[in-house]
Amino acid sequence: MPFSNFGLEAEILRAIQKAGYLRPTPVQAAAIPKIMQGNDLIAIAQTGTGKTAAFVLPMLNRLAQSNRQGPPRGAKTLILAPTRELAVQIMENIRDYGQYMPIRVAAIYGGVDEEAQIKSLRKGVHCIVATPGRLIDLLGRQKLDFSQLEMLVLDEADRMLHMGFLPDIEKIVGALPKRRQTLMFSATLSKEVESLARRFLYQPKMVQIGKRSDPADTVEQCVYEVPAHSKNALLLELLHSPKLKRVLVFVRMKDGADHLTNFLKLARVKVAKLHSSRSQEQRLQALQDFKDGKVQVLVATDIVARGIDIDGVTHVVNYDFPVNPEDYVHRIGRTGRAEAVGEAISFVPKQDLNLLQILELFIARRLDRKRLRGFDYHAPVPPPMPGEKTPTRDWRKRTREMEAKKSAANSANSSARAPERSADKRREK
Ligand code: AMP
């Protein structure tokens, strides 16, 4: 569909032509007609998909039509963005796409002198692009008039939530007219984003483009905060539930996989293990036993985890919390495949809480915290397992060494591994 089919004003089509855009990107093709019809909209699209034009073009169209009614008395459209850089970029986009229209736009963001911003507001603007913090500041000092506002855009909503802007967004939206069109753009659709949409959008239409960085809407994710020495006991307790039929357990180290497997065997759990020191035959056998349901649990390290593609994994357990957020995404993608519902459980001892924080930023959602009723979270350190060398082993040091080795191998070998990675990506989809 060409841009001319959207019903955009001639001066906007002229600017699009000047930008050299031949046809709309998928997010533009899906979102622009819905916005032009006046709907509220949630669009799940990442930066680089053309999402800015997807909301700026119909916004300009609205302004072009109301512009004919005279100069602005108060801003008609407001765009909230998480960072100063993004706010400036959006403003520049508006100026580009609106270059053949008599449009006035102001960017309001912190970290710079506010006088120039207040001055441009005083002159009257059609559109404000702002970061929430500075806008709240000016709002509190009566420097803004939103009585004429018709359209609100929340751009990169997931990022704004994770930067702690929710209270500011609430205050800002509370100061806007209730009758307005609201658009929300987000890279991921987390529970928090959905809840924001429920509160601030009216019967929104939905558009979703491309791959989400949150891979698994079909995977329920939760966290147990548990001391490191109680992880074995907690895993065992959880495995008693009949719901945990086919469980993939991830550990960081090969010897960790060995110890955990021994522990589970002693506790009469049917278990197999999979890591790089095992022979190809042993690995295939372990996988086959897991696929055939001969074992309930497969204990694996990340090195081999990426290649595993098994239907019917009901649970992924991050016995050791992944050091890289990407690994988490890969790991939990092993369950909930092909629309099946799966569950990802992560054990997080105190020393890994920072990794959890980093992960939650990465996937733009907070994971549910769970506690198992009746479980003794204050149990003393158990005696070492037979063959367990040192319970105080410094995994951080070893992880750093492994990471260094991995990245050295990667850079030496990156072209050879590229096909493996893209095959992996295809599997992830
Ligand atoms: P965004 O996702 O909004 O950050 O846009 C990413 C890039 O795509 C920007 O450089 C835009 O100028 C460009 N762009 C947006 N829409 C189109 C289009 N229809 N055709 C070609 N490039 C586009």
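The values are calculated or read from the model by the stated rules, or taken from the named source; none is laboratory data. What you see is a predicted model; the values in this text were computed from it and never measured. No Cβ is skipped: glycine too gets one built from the backbone with ideal geometry, and neighbour counts run over all protein chains shown. Accessible surface is based on the protein model in full, side chains and every heavy atom, while ligands, DNA and RNA are left aside. Shrake-Rupley method; radii C 1.70, N 1.55, O 1.52, S 1.80 Å.
At a glance:
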quantity	calculated
Mean Cα-pair separation over length for the range 1-149, i.e. relative contact order, pairs under 8 Å, 6 or more apart, %	26 percent
At most 10 other Cβ within 10 Å, DSSP loop - trypsin sites (Lys or Arg not before Pro), the range 109-177	R141
Extended-chain gain in nm, criterion 0.36 nm per residue less alpha-carbon gap, Y100 and S276	57.1 nm
Of K51/K119; K231/K350; K245/K350; K291/K370; K243/K350; K191/K370, pairs whose Cα-Cα distance is over 19 Å	K51/K119; K245/K350; K291/K370; K243/K350
Value of relative contact order over the range 219-388, rounded to a whole percent, pairs C-alpha under 8 Å and six or more apart	34 percent
Gyration tensor (Cα) of the range 219-388, equivalent ellipsoid semi-axes in angstrom	22, 20, 16
Range of Cα positions in the range 143-215 per principal axis (Å), largest first	41, 26, 17
Paramagnetic label zone (point 7 Å from Cα along Cα-to-C-beta, Q37; backbone N under 19 Å) in the range 135-151	none
Residues with amide H under 5 Å from that of M184, placed H, sequence gap 5 or more	L41, I42, A43, L154
Accessible-area ranking of R252, R369, largest first, probe 1.4 Å	R369, R252
Extension gain, R141 back to L372 (0.36 nm per residue minus Cα-Cα distance, nm)	78.2 nm
Relative contact order %, the range 171-289, counting alpha carbon pairs below 8 Å whose residues are six or more apart	14 percent
For the range 170-197 and the range 31-104, distance of Cα centres in Å	16 Å
